[in-house]
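Let me begin by presenting the structure, written as structure tokens, before commenting on it.
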Amino acid sequence: MLLAVLSGFIIATITPLAGKLFRSKWSVGLTAVPLALFIYFLSFIPAVSNGQVLLFNYEWVPSMGINFNFLLDGLSLLFALMITGIGALVYLYTSSYMKDDPGLDKFYGYLSLFMSAMLGMVMSDNLFTLFIFWELTSISSFFLIGFDNENKESRKAALISMALTGLGGFFLLAGFAIVANITGTYTISEMMGSGDIFKDHPLYIVIIICFFLAAFTKSAQFPFHFWLPGAMKAPTPVSTYLHSATMVKAGIYLLARFTPLLGDHIYWNNTLMIVGGITMVYAAFHSILKKDLKEILAYSTISALGMLVFLLGLGHAEAFIAMAVFIVVHALYKATLFLITGILDHETGTRDINRLSGLRKVMMPLAIAGFLAVLSNSGIPPSFGFVGKDLIYSATLHSETLAIFITVAAVVTNIFLLYSSFLAGIKPFAGKLPSEYKDVHMPDWRMWVPPLICGIAGIVFGIFPMLAEGSIIRPAVSAIAPEVPEFHLQLWHGFNTVLGLSAITIIVGILLYVIFKPNDRHNAWMNKFESFSPKSIAAGVNKLFMKFAVTWTNLLQNGYLRIYVLTVISFLTILLAYKAFTVSSLDINLTKISALTSAEVAVMVILIVSVLYAVYSPSRLAAIAAMGVIGYCICLVFIFYSAPDLAMTQFTIDTLTVILFLLVMYRLPKYVLYTNKLIRIRDAIISLIFGTLITLLALEVHHEPTNKETTRFYAENSYALAKGKNIVNVILVDFRGMDTMIEIIVLSISALGVFALLKLQLNEFDREI
Amino acid sequence: MEIILSVIIGLLYSAGIYLMLRRSLIKLVIGLVLLGNGVNLLIFLMGGLVKGRPPIISATAENIGLIYADPVPQALILTAIVISFGLQSFAIVLIKRAYIVVGTDDLDKMHSTEEEDD
């Protein structure tokens, strides 16, 4: 099982290495991987349909409770079959669709990465691996949307989707952390049954907000839906696979998986119902106004996702059944329509539905596939979609609150969806064939077989719903709902309200198709509302952030060294002064002062004079000389107060510094007065205040009792342990020998740098400057 | 003596900071040297001033007497002096180099890594 889940990662590492092989016609061989996985997962159906929950545990980081715990129940299996099944078709399709693309190997790599991540996500029983796989799907989605990386629009769309889903990821991690904290385990299956702890917990609201934000961004719910139409910049196989059939359902999966734990609460159900409801109506309405096939499909996908969230929100077993069925239905018909769109785009070079027509005459198998998908999408018998829509209507009718209202919302959505499916699946094939498309021919079989398979599957499941019922739908529902009532999927329920609603949907939808044609005027009308759409608001917020960041950076990082120094010093001064004068009142004790000799006074006077000279001298030479004098004076201070080693070092170093300075000085420019008087006065005041503060602190600290324990240790053990009599030396070369060693290394590096800078020959380029 | 030394430390700090706030590269380095000296003196003062008692055990004895200058700050300062020499020498050579390449020692004209158009 571990191999099955991770196989995509292995492929993703191999493909770029063996790039050439997979760019050739052998790329079709990769289809074997998802196909094998699909068959592998099919083999679990008997066990899972018997109600078994299979667990596979592999240790990863056991010390932190992060393990590959895979759980296979109905819900995981439903998703796993979808991921691998649709995956196999998409792999096959891609090998022809992208056969001329130089990045085909990379493309397969990303696709495999995604497949593995998605499989891992739906099977993870461990919160952390679930999170990691969740993020991996976002990352692979980012790469796939931006696959055409020379196109600015693609890159922008990839960034937007990454930003939004990544934001959701943060909240997911936060939500998981709280959940793990409350239950004390990272394993989801161990948490099951402790739902009551959550519902009474004060953090319940916070948890569900985190989960909602994660799921809504991932599954493109209003108001985060806008990344999905943008994501259509990706190559069509990606739109099919990630952005309609699988990845966008990750949010649905998350909500469904945690429904037994967090669900059945008024906040949970109502939020899902409201958000899902708004999304489905809003997006369905948008889908009928678009002319671009992929945009139509994008909005109808969003609408379908809204429908799924809405059904989860209804919260009773019947709604869950409808949801499980609808997931399958939607994956099948939407994959078909997307794949067809890809072919049309590939063969005719346009996705404008007003230009496409009559193509059935040249692409009969595709027209059939499209027609079958439309049947399923519109819920016309005998498709599986009809079964699904019946279930949705009966679920809304049996809702405890507002049954009429939400049923109307569902019907309206379905009418719009029917309309948009006609646009996508029938319009391009119906009517007269324009002369410009006379030469259009059928694509390679690898491209038209996958949509046909999906289309036919939608009908087969419709005619024989029992195929799906016991094997996968019931186990999936039982993973969400505590108890599943007896149910049978069937086409014919007899004459009742549900049938009536279906009939209304179909009739009104077809009427709408006949009367209403999308055109530019509708789009222009919609664009008027663009300025306050969620997308524009997000863009505005983004711009505001950028502006703030730029201002802030310019304020703090203006590129002038002295401004940095000034800021640091001013801040430090204020901080020190505040501390010195308020917290510990300044207390200077002058009793323990040592006496002065005349020699010392003389040295001090020389020191003060040279400091002033170093600062004010207009000559570089004088300033450097003064600097040298300061160094020698300090050397004398060290001699007066029992530090012969320091005196020697200071003497040598000071001499060396002055010599080095003088050596390079003749190559340097003369002093120029760069600043005006006002700035000089300002700087002088700030530095004087800082200096005074240091003086005061030095005076005060001097009388604080110091801890001499370290000193005593060195003094006592210098000879006893290290056989050295100069304690300073012993400290440096013995007790702290390693530090000195590192210091020598630092000096060597600096020496190398000096040598390189002095000896480096200027190349032509530098000399020109 | 401590008072005078404290004042001088303050003076060294002020002078160092003031020079570092100038736009000239040479002044920046001189300021750095002065500031380093001020810091060394401050550490030295904190260790306490002891006259004529270096932290050296006499040739005959095995133990140091009761009063002696603190060797720990001395060891620290010794390290600091040497390291700051490494810094200073590198800085000095770097200014020379920078001046040759850029043609100015005005820091304000060096705040960008991009080449100027003029």
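When the Cα positions of A:Gly276, A:Ile208, A:His225 are compared along the charge dipole of chain A, A:His225 comes out farthest toward the positive end, with charges on each C-beta of Lys, Arg, Asp and Glu. Specify the angular offset, from 0 to 90 degrees and rounded to the nearest 10, of the alpha carbon long axis of helix A:152-183 from the longest principal axis of the alpha carbons in chain A. Around 80 degrees separate the two axes.
Axis of helix A:644-665 versus longest Cα principal axis of chain A: the two differ by about 70°, to the nearest ten degrees.
Summing +1 for each Lys or Arg and -1 for each Asp or Glu, what net charge is found among the other residues whose Cβ lies under 15 Å from the Cβ of A:Lys670?
Combined, the nearby Lys, Arg, Asp and Glu give +4.
Residue order for A:Leu92, A:Leu293, fewest other beta carbons within 10 angstrom first, comes to A:Leu92, A:Leu293.
Residues of the stretch B:62-93 with an amide N closer than 16 Å to a point placed 7 Å from the Cα of A:Leu758 along the Cα-to-Cβ direction: B:85-93. Angle of helix A:620-640 to the longest C-alpha principal axis of chain A, folded into 0 to 90 degrees and rounded to 10: 70°.
Mean separation of Cα pairs under 8 Å and 6+ residues apart, divided by the residue count of chain A: what relative contact order is that in percent? Can you show the working numbers first?
Working: 1020 pairs, mean separation 79.0, N = 769.
Over chain A, the number comes to 10 percent.
Considering only A:Asn377, A:Thr396, A:Pro365, and ranking their Cα positions along the charge dipole of the protein assembly as shown that arises from unit charges at the beta-carbon of Lys, Arg, Asp and Glu, the one farthest toward the positive end is A:Pro365.
Rounded to 0.05, the FRET efficiency of the A:Tyr578 and A:Ala720 pair, given R0 = 56 Å and the Cβ-Cβ distance, is 0.75. Put in order of Cβ neighbour count within 10 Å, fewest first, the listed residues A:Met162, A:Met546 become A:Met546, A:Met162. Per the Debye calculation on the protein assembly as shown with a single equal scatterer at every Cα and no solvent contribution, log₁₀ I(q)/I(0) for q = 0.05, 0.07 Å⁻¹ amounts to -0.49, -0.74. Per residue of peptide A:563-572, the mean number of Cβ atoms on other chains within 10 Å of the residue Cβ is 2. A crude spin-label estimate for the pair B:Met46 and A:Leu512, with each label 7 Å from Cα along the Cβ direction, gives 7.8 nm. Between the beta carbons of A:Phe464 and A:Leu499, assuming R0 = 30 Å, the FRET efficiency works out to 0.90 to the nearest 0.05. With N as its number of residues, the stretch B:1-43 has a Cα radius of gyration that, divided by 2.2 N^0.38 Å, comes to 1.16.
Close amide H partners of A:Ile66, meaning residues 5 or more places away or on another chain with modelled amide H under 5 Å apart, are A:Val61. For B:Met20, neighbours were defined as the other residues whose beta-carbon sits under 12 Å from its Cβ, and their charges (Lys and Arg +1, Asp and Glu -1) total +3. 3J(HN,Hα) along the stretch A:143-149: 5, 6, 5, x, 4, 7, 6 Hz, from the Karplus curve 6.51 cos²θ - 1.76 cosθ + 1.60 with θ = phi - 60°, whole Hz, x for Gly and Pro. Which net charge results when you count Lys and Arg as +1 and Asp and Glu as -1 among the other residues whose beta-carbon is under 14 Å from that of A:Lys218? Computed value for this residue: +1.
Could you order peptides A:635-642, A:300-307 by the average number of other Cβ atoms within 10 Å of their residues, highest first? Spell out each step's value before the answer.
Values: A:635-642: 21.1, A:300-307: 27.9.
In decreasing order of mean packing, A:635-642, A:300-307 become A:300-307, A:635-642.
With each label modelled as a point 7 angstrom along the Cα→C-beta vector, the A:Ile606-A:Phe640 pair spans 1.2 nm. Using the Stokes-Einstein relation with a Kirkwood hydrodynamic radius computed over Cα pairs, the translational diffusion coefficient of the stretch A:561-716 at 37 °C and a viscosity of 0.692 mPa s comes to 172 µm²/s.
Based on the Cβ-Cβ distance of A:Leu596 and B:Ile83, what FRET efficiency does E = 1/(1 + (r/R0)^6) give at R0 = 35 Å, to the nearest 0.05?
Values: r = 32 Å, r/R0 = 0.91.
About 0.65, to the nearest 0.05.
Close amide H partners of A:Tyr186, meaning residues 5 or more places away or on another chain with modelled amide H under 5 Å apart, do not exist here.
So, with +1 on the Cβ of K and R and -1 on the Cβ of D and E, and no other charges, what is the size of the charge dipole of the stretch A:333-486 about its Cα centre, to the nearest 20 debye? Don't skip to the end; give the middle numbers.
Numbers: 11 positive and 11 negative charges, 111 e Å.
The calculated dipole for the stretch A:333-486 is roughly 540 debye.
You can think of it this way: the chain between A:Asn558 and A:His265 has 100.2 nm of extra reach, that is 0.36 nm per residue less the Cα-Cα gap.
Given Cβ point charges of +1 (Lys, Arg) and -1 (Asp, Glu) and nothing else, what value in debye, to the nearest 20, does the dipole of the stretch A:561-716 about its Cα centre take? Intermediate results must be reported in sequence, preceding the final value.
Numbers: 11 positive and 9 negative charges, 166 e Å.
Charge dipole, the stretch A:561-716, about its Cα centre: 800 debye, nearest 20.
A simple charge model with +1 on the Cβ of Lys and Arg, -1 on the Cβ of Asp and Glu and nothing else charged puts the dipole of the protein assembly as shown at about 1840 debye relative to its Cα centre. Look at the dipole of chain A built from charges on Cβ: of A:Ser43, A:Val601, A:Ser617, the Cα furthest out on the positive end belongs to A:Ser617. Here the Karplus relation 6.51 cos²θ - 1.76 cosθ + 1.60, evaluated at θ = phi - 60°, turns the backbone of the stretch A:554-568 into coupling constants of 5, 5, 8, 10, 8, x, 9, 4, 5, 5, 4, 4, 4, 4, 4 Hz, with x for every Gly and Pro. Across the stretch A:561-716, Cα pairs under 8 Å and at least six residues apart give a relative contact order of 28 percent.
How well do other chains shield peptide B:44-51, expressed as the mean number of their Cβ atoms within 10 Å of each residue Cβ?
Working: counts 6, 6, 5, 5, 7, 8, 4, 6.
The mean count of partner-chain Cβ atoms within 10 Å per residue comes to 6.
When every Cα-Cα distance of the stretch A:371-508 is counted in 10 angstrom steps from zero, the calculated P(r) takes the values 11, 32, 34, 15, 7, 1 percent.
Quick note: the coordinates plus some simple rules give every number you see, no bench work behind them. Predicted, not measured: the structure shown is a model, and the values here were computed from it. Neighbour counts run over all protein chains shown; Cβ positions are idealised from the backbone, glycine included.
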